[in-house]
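A short write-up of the structure that comes next.
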Protein chains: 2
Amino acid sequence: MPYFDAASAAPLHPVARQALLAALDEGWADPARLYREGRRARLLLDAARESAAEAVGCRPDELVFTPSGTASVHAAIAGALSGRRRVGRHLVVSAVEHSSVLHAAAAHEAAGGTSAEVPVDRSGAVDPAAYAGALRADTALACLQSANHEVGTEQPVAEVAARCADAGVPLLVDAAQSLGWGPTPDGWSLLTGSAHKWGGPAGVGLLAVRKGVRFSPQGPAGERESGRAPGFENLPAIVAAAASLRAVRAEAAAESARLRALVDRMRATVGRVVPDVEVVGDPERRLPHLVTFSCLYVDGETLMDELDRRGFSVSSGSSCTSSTLTPSHVLKAMGVLSEGNVRVSLPAGTAEADVDRFLEALPGVVASVRERLGAPASASPSPAPAASLVVDALGRRCPVPVIELAKVIGEVAVGATVTVLADDEAARLDIPAWCEMRGQEYVGEEPADRGRAYVVRRLD
Amino acid sequence: MPYFDAASAAPLHPVARQALLAALDEGWADPARLYREGRRARLLLDAARESAAEAVGCRPDELVFTPSGTASVHAAIAGALSGRRRVGRHLVVSAVEHSSVLHAAAAHEAAGGTSAEVPVDRSGAVDPAAYAGALRADTALACLQSANHEVGTEQPVAEVAARCADAGVPLLVDAAQSLGWGPTPDGWSLLTGSAHKWGGPAGVGLLAVRKGVRFSPQGPAGERESGRAPGFENLPAIVAAAASLRAVRAEAAAESARLRALVDRMRATVGRVVPDVEVVGDPERRLPHLVTFSCLYVDGETLMDELDRRGFSVSSGSSCTSSTLTPSHVLKAMGVLSEGNVRVSLPAGTAEADVDRFLEALPGVVASVRERLGAPASASPSPAPAASLVVDALGRRCPVPVIELAKVIGEVAVGATVTVLADDEAARLDIPAWCEMRGQEYVGEEPADRGRAYVVRRLD
């Protein structure tokens, strides 16, 4: 049963399992104690730190272990902002950071700080010059992910790091998605990671702070992990995290080339065999194992359900899933279609045959969902054209507003408009994205009695 | 090799190990996902929550899992204080709480709040009436441990809870030390616990908040664990924590009776076979598995080292260990001797023979350390008495100031004084404690050019 959601959580690497088992026996005691069980635990902790630091590319005394990637990000942002409080209280992030970064930014604003989001292009990448433009004299910290967790696009970390260095602003790089695949480009001041993303166990995050970076841990004091991560060390998991990072890195070059080729095949094939699909993210500067696409006239939840019934586990950034009512902030920032969104992220070791099976199954799954929703055929015949039309999709959720638009666009004359009344949040993103995909003109949106009116002009 | 420091970390219970292994295979995926691996993880998480909630004595929706007992305490205090911010910003804690509570109280004060420490008696327990006296109209939260982690004394939780209820103040009970032994007395509003204290894995804390208690989680928002514990759930460890809590509870009645008898024997024997020893903590209202005593004229580090060389792993609240320069805040609050302090906490399953071996080894170990330090024999002969004496112990660390005092007390006349000049922090605690133990009068302390002058009057 192929599991294609490694970007959420990778299955445990065999080395992680083995190390965890060994450390359950050897590393359960308190490493702060002086008796033999404590000394043994301390040795394991020190060795894990050295190993992880080497993989991260820092000194052991620059690295601490936290309970999660999220905990690392929260501690990093709070500590760096406080350490540079005298400089100012301005925080810069990209618009497509992980929610842990954006939530920390929101908390910072709620506490009286300010923050700016650097926009991304349609591929999901920031522009280094635009990023530099957001840095101010009172900017205490800048944050940029190494690669995006939803679409796989790599960020220009080295270029942004250079701009930050010029401005004297420390850069926090959230390397959660990339750390298993290789070292992070140089120039970061703080770095965070999460073990369960690379095949390590849950319960371990990494937080590296370069010597010389002003850092003042927030929250109640703690004696452990240099005062940067309070609470008893989760030592067996830390040992397993460090061992598995080393193991996946040893396999990374070969495995990333193999998965990169599989993903290239997926990117090409999905666009060919599924009509009205948008494959998103940078096709070149990207994570090796991840591809995201969105399918017109399909709702994300049904699509995931159907793929799950056929044995494929994927995730979705669509709004129309039971866990959320708004589309992914990443797709929104990129301005790409969010309906029928699917993220496929291949765990290391994914069999080629499973990818082939997925590509075989996908067109039928999408077609059946479309049929059920009454989506228009790809090229609908044009009856006697009307001047302009208004479509009422109020109270209907994604992907219905776009389906209704697509059904009638052929009924208006070229140059005439279709106005879609909708109150679903996703329509604001998906109607312009549909226009872009289908070569129609998106005129704009207007307030309406209920919801919003989205105006589209037929061009062909 | 007997490990006698269960109060720091208990060895992993076999059930925890077994459950952890199973959950590594079944519970590595994201429980927030809708595909089968996610649904399976969600089922495991829900089952663990139900099982743990039953053991805690609360509803499943009142309980969340955090990364550690410390994380639970920090989240509990910050959330409860913020939830009752309108009432006021006053926090009440006992003087012998775990450092995670005291650190959170210090952070609260640093942020402009106020807090009060309720003192304890010589056994380590608070007086419910004194506790009630500390509650004010603007008290937002009160904290009391179920039992003390250093001396084992049980706190009058039910009585204090009743006083708090009368005053309308929510009570947080830190049940870290007792949760494995049985349910917490009723009346708490918030409760915290830590899995590795009961034989569960590291990396799991419990936080229960009763329905109706005002609670506002602090820090950046999170979607997981009802917004009360951000970061990816450490599911295998959570499953192991819940399973092992149920398992240790099933064994608790029989095992606690057995260990209680062993500890009774230790309490009686230590006082008999080691001269100049103070066994501390309540002899009756106490944890079943824990005993603490302090030995005059011995330094904690050498004592721990010597016991470790003989295969016994214990901890110490003495100041004279390499990890600290101040005596334990618990011993300080109790006003008992801190030098030569040893805490023995027996893990479940401790063999009676190991306890016997410890009791056989202890007198020789203490005697050899005393001999090396030149400690006075228990009854030193009295030469021609001097009127009064001043002993200069400046720059000498615990236990030397007390040793020097004991050496000369017999040289002054009954009614005359010995003044000890000392700058070691422990002297302030240990000289009065020595007087109490030896039936001499502690007159008081005075400022001196360097350090302090401690005045002792010979009574016999």
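The values are calculated or read from the model by the stated rules, or taken from the named source; none is laboratory data. Values in this document were obtained by computation on a predicted structure and should not be read as measured data. FYI the Cβ positions are ideal-geometry reconstructions off the backbone, even for glycines, and counts take in every protein chain you see. Heads up: the accessible areas ignore ligands, DNA and RNA and are worked out on the full protein's heavy atoms, side chains in. Shrake-Rupley method; radii C 1.70, N 1.55, O 1.52, S 1.80 Å.
What the table shows:
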item	result
Which numbered condition residue A:239 misses (of (1) outside the structural domain of residue A:182 (by TED's automatic domain parsing); (2) over 15 Å from residue A:180 (Cβ atoms))	(1)
Selected residue (only one of B:139, B:70, B:66 is touching a strand residue (DSSP E or B) at 6+ places or on another chain (Cβ under 6 Å), within 14 Å of chain A (Cβ to nearest Cβ), touching a residue at least 40 places away in the same chain (Cβ under 8 Å) and not hydrophobic (A, V, I, L, M, F, W, C))	B:66
Evaluation of residue B:191 against (1) more than 14 Å from every other protein chain (Cβ to nearest Cβ); (2) open to solvent by 10 Å² or more (accessible area, probe 1.4 Å); (3) hydrophobic (A, V, I, L, M, F, W, C) (one fails), failing number	(2)
Residue check for residue B:415: more than 20 Å from residue B:338 (Cβ to Cβ) and part of a helix (DSSP H, G or I)	no
Residue B:291 open to solvent by 10 Å² or more (accessible area, probe 1.4 Å) and within 20 Å of residue B:338 (Cα to Cα)	no
Scan of segment B:19-31 for residues that are within 9 Å of chain A (Cβ to nearest Cβ), closer than 11 Å to residue B:235 by Cβ and charged (D, E, K, R), ordered by number	B:30
Wholly within segment A:19-126, strands (runs of 3 or more DSSP E) carrying at least 1 residues that are open to solvent by 50 Å² or more (accessible area, probe 1.4 Å)	A:114-118
Qualifying residue in segment B:267-283 (condition: in contact with a Pro (Cβ under 6 Å, 6 or more places away or on another chain), outside the structural domain of residue B:180 (by TED's automatic domain parsing) and surrounded by fewer than 16 Cβ atoms within 10 Å (Cβ to Cβ))	yes
Tally, over segment B:129-150, of residues that are within 15 Å of residue B:91 (Cβ to Cβ), assigned to a strand (DSSP E or B) and among the aliphatic types (A, V, I, L, M)	4
Top-ranked residue of segment B:1-18 - restricted to ones that are of a type in the set (A, V, I, L, M, F, W, C) and assigned to a helix (DSSP H, G or I), ranked as nearest to the other protein chains (Cβ to nearest Cβ)	B:16
Residue check, residue B:408 touching a residue at least 12 places away in the same chain (Cβ under 8 Å) and over 19 Å from residue B:318 (Cβ atoms)	yes
Pairs, first facing another protein chain (nearest Cβ under 8 Å) and free of Cβ contacts under 8 Å to residues at least 12 places away in the same chain in segment A:299-318, second open to solvent by less than 20 Å² (accessible area, probe 1.4 Å) and in a loop (DSSP other than H, G, I, E, B), C-beta under 9 Å, six or more apart	A:305/B:35; A:308/A:314; A:308/B:35
Lone unmet requirement of (1) touching an Asp or Glu at 6+ places or on another chain (Cβ under 8 Å); (2) touching a residue at least 24 places away in the same chain (Cβ under 8 Å) for residue A:439	(2)
Every residue from segment A:208-229 that is more than 7 Å from chain B (Cβ to nearest Cβ) and open to solvent by 50 Å² or more (accessible area, probe 1.4 Å)	A:210, A:211, A:212, A:214, A:217, A:218, A:223, A:224, A:226, A:228
Single residue of B:166, B:186 found to be modelled with pLDDT of 95 or more and either surrounded by fewer than 23 Cβ atoms within 10 Å (Cβ to Cβ) or within 19 Å of the chain's Cα centre (by Cα) (or both)	B:166
Scope segment A:155-178; condition touching a Ser or Thr at 6+ places or on another chain (Cβ under 7 Å) and of a type in the set (D, E, K, R); matching residues	A:174
Leading residue by the ranking (farthest from the other protein chains (Cβ to nearest Cβ)) among those in segment B:230-254 that are of a type in the set (A, V, I, L, M) and open to solvent by less than 10 Å² (accessible area, probe 1.4 Å)	B:252
Those residues of segment A:295-328 which are hydroxyl-bearing (Ser, Thr, Tyr) and at pLDDT 95 or above, in sequence order	A:313
Of residues in segment A:129-161 being acidic (Asp, Glu) and surrounded by fewer than 24 Cβ atoms within 10 Å (Cβ to Cβ), the one nearest to residue A:189 (Cα to Cα)	A:159
Of the criteria (1) open to solvent by 70 Å² or more (accessible area, probe 1.4 Å); (2) part of a strand (DSSP E or B), which one residue B:450 fails	(2)
